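To start, the structure under review is shown below, and the notes come after it.
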Amino acid sequence: MKKRVRRQPQRTCIACRRIDSKRALVRLVRTPEGEVLIDLTGKRAGRGAYLCTNPRCWLTALEDGRIGRALKAELSTEERAHIRAYALELEKATAQETNDQESRPEHEPSERKSE
C-alpha cells in the first residue's frame, strides 16, 4: 500500500509576495482582543498574516501599512516598536550568519605527496 504524501501548507509574505511553506514564514496575528502579536508558534487564535525572515520585508510592511491592512487593524505605537525591534533582531541574526560563513574557509587545500 502506498503512503499518502502530505502537502505542506503554503503562505505568502505580505511584503515581497514570495510563496513558501507555512513553517518557513513568521506569523503575525491580531487576537480577538485586537492586540497585534508576533506568533512564532503559528497557533494563536485570530487573524493572521505572514512575513518571511528577511528584515527588509518586515520594515517595508511596517512602513507601507501592509501589516495593518492584512490584519484589518490599526497598529499602536507600542506594537510598531515591537515589530521594528523584531526586524532589527532578524537583521543582526542575518549579519551574524553572513560573518560566520565568510570566516569559514570554503575548501582546505589537500596535501598531495610528491612521488
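No lab work stands behind these numbers, since they all come straight from the coordinates. Owing to the predicted nature of the structure, the values given are computational and were not obtained by experimental measurement. Cβ: placed from backbone, ideal geometry, glycine included. Neighbour counts: every protein chain shown.
So that you can scan it fast, the table gives a plain yes or no per residue for (1) touching a Gly at 6+ places or on another chain (Cβ under 9 Å); (2) surrounded by fewer than 17 Cβ atoms within 10 Å (Cβ to Cβ):
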site	(1), (2)
T53	no, yes
D64	no, yes
G68	no, no
E74	yes, yes
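Select, from R18, R80, the only residue that is surrounded by 13 or more Cβ atoms within 10 Å (Cβ to Cβ), out of contact with any helix residue (DSSP H, G or I) (no Cβ under 6 Å at 6 or more places or on another chain) and free of Cβ contacts under 8 Å to residues at least 24 places away in the same chain.
R80
Which residues, counting only those in the stretch 62-78, are within 13 Å of A49 (Cβ to Cβ) and in a loop (DSSP other than H, G, I, E, B)?
Hits for the stretch 62-78 are G65, K72, A73, L75.
Is one or more of the residues making up the stretch 88-104 in contact (Cβ under 8 Å) with a residue 12 or more places away in the chain, acidic (D, E) and either buried (at least 17 other Cβ atoms within 10 Å of the Cβ) or in contact with a His (Cβ under 6 Å, 6 or more places away or on another chain) (or both)?
no
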